[in-house]
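Enquirer: Right, I'll just put the structure down here and ask away after.
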Amino acid sequence: MAKKKPIAILVHGGAGPDSDHIHENKKGYEKGIQEAVDAGYKILEDGGSAVDAVEAAVKTLEDNPLFNAGRGSALNASGEVEMDAAIMRGSDQASGAVALVRNIRNPVSLAKAVMLNTKYRFLGDMGALEYAKKIDIRMEPSSYFITEHQFDAFSKKREEEFTSSDRIGLDELNARIHGTVGAVALDREGNLAAATSTGGTENKKMGRIGDSCLIGVGCYAKNKTCAISGTGDGEVLIKNVIAYDISALMEYKGLTLQKACETVVLERVKPEEGDVGVIGVDPQGNIALVFNSDRMHRGWRTTSNQRGVEIYNKK
């Protein structure tokens, strides 16, 4: 009997500084990550595609108000939600991305629709919204996205802005406040896929676009090398073209997935630059979960009996 080809799913729920909110909701975060892993793994186990698996995993996190994507998205400086997402298929490197979308329950599904059904790679703002309406992507009222936690975070940042003696700018206020969700997968056919989604940063300037929806930065997949989803300080990931850099080190330097991730996240990015985390999988089913921050919500499961859910570094 022929041995089944390996499958793997990894998910993340953001990397960054620790907080009381994370400690208070640790079990909820772990449960949410596990549900996302299970959703993606079931599709892979049933012979489904890596693209469908990463979409399912990310949708689970977008629907969970604890995570900064979809329902739990951060509020911008106007008290509104603007979301970004991207998805990429490793077999032919097709991709789809959306930015600054509102009222879309699952931005990752809209990004997938852009990839599969249009001649474009990237749609933003009202154009993306009009396309979503045309294809009947599920939408929700604005109130659906405003969670108590994110409203409190928004209010706190606004208070800091108005009461600070030196009137520190919004960019400084937001310097270490971030969150993202993402997934990478390997299916039975040996195909890789990656997806990333975010609600941005608390009190961000309207129109700010981060790394999550940028192919090669927060999301990348190529069957020859790896699938990567990134998280952390968006501007740092953009500057370092994180996801593609990992793939390039594997393709042109012959580095393993683990070594490539460590080289980029722990060596090339200086600690003072900001927080960066990545999850990755290669065509053989090897996995990597690397971050330089206080924590990265993460979960994984493979056919080689690797599985787990963690938030902090192993002691």
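The values are calculated or read from the model by the stated rules, or taken from the named source; none is laboratory data. Computed from a prediction, not measured in an experiment: that's the story for all the values here. Using ideal geometry, Cβ is built from the backbone for each residue, glycine included, and neighbour counts are taken over all protein chains shown.
Enquirer: Determine whether I7 is touching a residue at least 24 places away in the same chain (Cβ under 8 Å), surrounded by fewer than 24 Cβ atoms within 10 Å (Cβ to Cβ) and of a type outside the set (F, W, Y).
Expert: No; evaluated as a whole, the condition is false for this residue.
Enquirer: Run down K224, K259 and say which single residue is basic (K, R), touching a residue at least 24 places away in the same chain (Cβ under 8 Å) and surrounded by fewer than 23 Cβ atoms within 10 Å (Cβ to Cβ).
Expert: Checking each option against the conditions leaves just K224.
Enquirer: Testing K259 on (1) more than 20 Å from the chain's Cα centre (by Cα); (2) more than 19 Å from N223 (Cα to Cα), one condition comes back false. Which one is that?
Expert: Going through the list (1) more than 20 Å from the chain's Cα centre (by Cα); (2) more than 19 Å from N223 (Cα to Cα), K259 breaks only (2).
Enquirer: Suppose the filter is assigned to a loop (DSSP other than H, G, I, E, B), closer than 26 Å to N223 by Cβ, modelled with pLDDT of 95 or more and not polar (S, T, N, Q); does G48 pass it?
Expert: Considered against the rule, which asks whether it is assigned to a loop (DSSP other than H, G, I, E, B), closer than 26 Å to N223 by Cβ, modelled with pLDDT of 95 or more and not polar (S, T, N, Q), G48 comes out as yes.
Enquirer: Can G230 be described as among the small types (G, A, S), closer than 18 Å to V98 by Cα and in contact with a Ser or Thr (Cβ under 8 Å, 6 or more places away or on another chain)?
Expert: yes
Enquirer: Another question about this same structure. Can you tell me which residue among D245, D211 is in contact with a helix residue (DSSP H, G or I) (Cβ under 7 Å, 6 or more places away or on another chain), outside any loop (DSSP other than H, G, I, E, B) and either charged (D, E, K, R) or without any contact (Cβ under 8 Å) to a residue 40 or more places away in the chain (or both)? So that I can check it myself, show each step before the final result.
Expert: Details: D211 fails: outside any loop (DSSP other than H, G, I, E, B).
Result of the check over D245, D211: D245.
Enquirer: Which one of these does N313 not meet: (1) at pLDDT 95 or above; (2) within 20 Å of the chain's Cα centre (by Cα); (3) surrounded by fewer than 22 Cβ atoms within 10 Å (Cβ to Cβ)?
Expert: (1)
Enquirer: I've got another one for you. Whether any residue in the range 59-70 is in contact (Cβ under 8 Å) with a residue 40 or more places away in the chain, more than 13 Å from the chain's Cα centre (by Cα) and either part of a helix (DSSP H, G or I) or buried (at least 20 other Cβ atoms within 10 Å of the Cβ) (or both) is what I want to check.
Expert: The answer is yes, given that some residue of the range 59-70 is in contact (Cβ under 8 Å) with a residue 40 or more places away in the chain, more than 13 Å from the chain's Cα centre (by Cα) and either part of a helix (DSSP H, G or I) or buried (at least 20 other Cβ atoms within 10 Å of the Cβ) (or both).
Enquirer: Output the residue which, of all residues in the range 16-39 that are hydrophobic (A, V, I, L, M, F, W, C) and modelled with pLDDT of 95 or more, is surrounded by the fewest Cβ atoms within 10 Å (Cβ to Cβ).
Expert: Here is the first cut: in the range 16-39, the ones hydrophobic (A, V, I, L, M, F, W, C) are 22, 33, 36-37, 39.
Right, trim to modelled with pLDDT of 95 or more and you get 33, 36-37, 39.
Numbers: I33: 28, A36: 32, V37: 23, A39: 20.
Among those residues, the one meeting the criterion is A39.
Enquirer: Let me ask something else. Just checking, how many residues over the range 267-286 are under 22 Å from K4 (Cα atoms) and surrounded by fewer than 22 Cβ atoms within 10 Å (Cβ to Cβ)?
Expert: The total comes to 4.
Enquirer: Looking only at the range 218-232, filter to residues that are assigned to a loop (DSSP other than H, G, I, E, B) and in contact with a strand residue (DSSP E or B) (Cβ under 7 Å, 6 or more places away or on another chain); which one of those is farthest from S49 (Cα to Cα)?
Expert: If we take residues in the range 218-232 being assigned to a loop (DSSP other than H, G, I, E, B) and in contact with a strand residue (DSSP E or B) (Cβ under 7 Å, 6 or more places away or on another chain), then G218 is farthest from S49 (Cα to Cα).
Enquirer: Looking at the range 299-315, which of the residues that are touching a residue at least 12 places away in the same chain (Cβ under 8 Å) and assigned to a loop (DSSP other than H, G, I, E, B) is farthest from K42 (Cα to Cα)?
Expert: Applying the filter and picking the extreme gives N313.
Enquirer: Being more than 17 Å from C213 (Cα to Cα) and hydrophobic (A, V, I, L, M, F, W, C) is the filter; apply it to the range 40-55 and report the residue that is surrounded by the fewest Cβ atoms within 10 Å (Cβ to Cβ). Break it down stepwise before answering.
Expert: As a first pass, look at the range 40-55 and keep what is more than 17 Å from C213 (Cα to Cα): 40-50, 52-53.
Of the ones still in play, those that are also hydrophobic (A, V, I, L, M, F, W, C) are 43-44, 50, 53.
Details: I43: 22, L44: 25, A50: 33, A53: 28.
Residue satisfying both the conditions and the ranking: I43.
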